[in-house]
């Protein structure tokens, strides 16, 4: 009895094992994702619609701000400074007397020249009468006439020297730092001050050769300066150099800007954007949507079944964070902008909530 009982228990164990194996073999494996065949493979992506909007292509450059007019103020003659009539940084109008040299020696020279001129004039008048009466030779007459002409030129020269003892503003502007003091002896090479016209300033920038065809006189440009980072300034191109710098292959371009209050100073750096092209109605998508494959560019569009479809496109202008699409897409199509690396052609995708796309709109 004990032996049979043992065999019975062994057969029972084998039977249970066989049933379990048979049940396992007959059961079909569950589909990936616990019964939802496509759900487990759907990659969550952020997508936005391709839309039309105005766009402009700009060229970012660094330029220099220069004054409309700037000049070093120097005396045209040597002398001692007697009077200074301006303050540093003062606004002066054209023809304002800025300073005066000691006029004593110039006045004395003029008085001497005038006396010599009167004598020469009297001698010349007598010589004319004597020559008509044939009482002097032609040579004597010519010498008298020459002395009269020299006297006349001398008096004009000394009058000019007297005027040169006074220095006037050649145009309206703001005076610079004063380089001299009363009583100082100055020469023609001495810089007295500077005069700067900042009512209008100019921006000078060197534009690369390949962009020159898109730059024209009258074109608007915008720029910023470090001193006023929150302000945008706008000027108008008025000059394009007729020749290029051979070493850099760039052309000098200048623009004028109104400068009320003289906020912009000569010598400032200008970070400027030069508008090259402007389109009122361009098809635009976010730049992260672009997939580059050699010389070809494509995007992943999403069809009605939320599957990713490869769309080869032709790109136009590249903008800040956006790109113009010339062909290959239609307005309103959903384009994957985030999750592009995980998407495969024809694969299902799952759209992220609408608020996730806000940074790309």
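Annotations for the structure displayed:
- Residue among 267, 346 that alone is assigned to a loop (DSSP other than H, G, I, E, B) and at pLDDT 90 or above: 267
- A single entry from 167, 207, 201 fulfils the requirement of being at pLDDT 95 or above, outside the structural domain of residue 101 (by TED's automatic domain parsing) and in a strand (DSSP E or B): 201.
- Qualifying residue in segment 133-142 (condition: modelled with pLDDT of 90 or more, in a strand (DSSP E or B) and loosely packed, with under 15 Cβ neighbours inside 10 Å): no
- Among the residues making up segment 283-311, those that are in a strand (DSSP E or B) and over 29 Å from residue 60 (Cα atoms) are 300, 301, 302, 307, 308, 309, 310, 311.
- Residue 221 touching a strand residue (DSSP E or B) at 6+ places or on another chain (Cβ under 6 Å), farther than 23 Å from residue 70 by Cα and crowded, with 16+ Cβ neighbours inside 10 Å: yes
- Selection within segment 239-281: residues that are loosely packed, with under 15 Cβ neighbours inside 10 Å and in contact with a helix residue (DSSP H, G or I) (Cβ under 7 Å, 6 or more places away or on another chain). The member of this set that is farthest from residue 57 (Cα to Cα) is 249.
- Lone unmet requirement of (1) surrounded by fewer than 16 Cβ atoms within 10 Å (Cβ to Cβ); (2) in a helix (DSSP H, G or I) for residue 212: (1)
- The single condition from (1) in the same structural domain as residue 261 (by TED's automatic domain parsing); (2) in a helix (DSSP H, G or I) that residue 217 fails is (2).
- Annotation note: of 310, 291, 284, 325, the sole residue that is free of Cβ contacts under 8 Å to residues at least 60 places away in the same chain, within 30 Å of residue 347 (Cα to Cα) and crowded, with 16+ Cβ neighbours inside 10 Å is 291.
- Answer residue from segment 49-83, given it is over 30 Å from residue 209 (Cβ atoms) and in contact with a helix residue (DSSP H, G or I) (Cβ under 6 Å, 6 or more places away or on another chain) and is surrounded by the most Cβ atoms within 10 Å (Cβ to Cβ) among those: 77
- Going through (1) over 30 Å from residue 196 (Cα atoms); (2) crowded, with 16+ Cβ neighbours inside 10 Å; (3) in contact with a strand residue (DSSP E or B) (Cβ under 9 Å, 6 or more places away or on another chain) one by one, residue 164 falls short only on (1).
- Scanning segment 92-124 for residues that are in contact with a helix residue (DSSP H, G or I) (Cβ under 9 Å, 6 or more places away or on another chain) and under 22 Å from residue 72 (Cβ atoms) yields a count of 1.
The values are calculated or read from the model by the stated rules, or taken from the named source; none is laboratory data. Keep in mind the model is a prediction, meaning the values are calculated, not measured. Here Cβ is always computed from backbone atoms with ideal geometry, including for glycine, and neighbour counts include all displayed protein chains.
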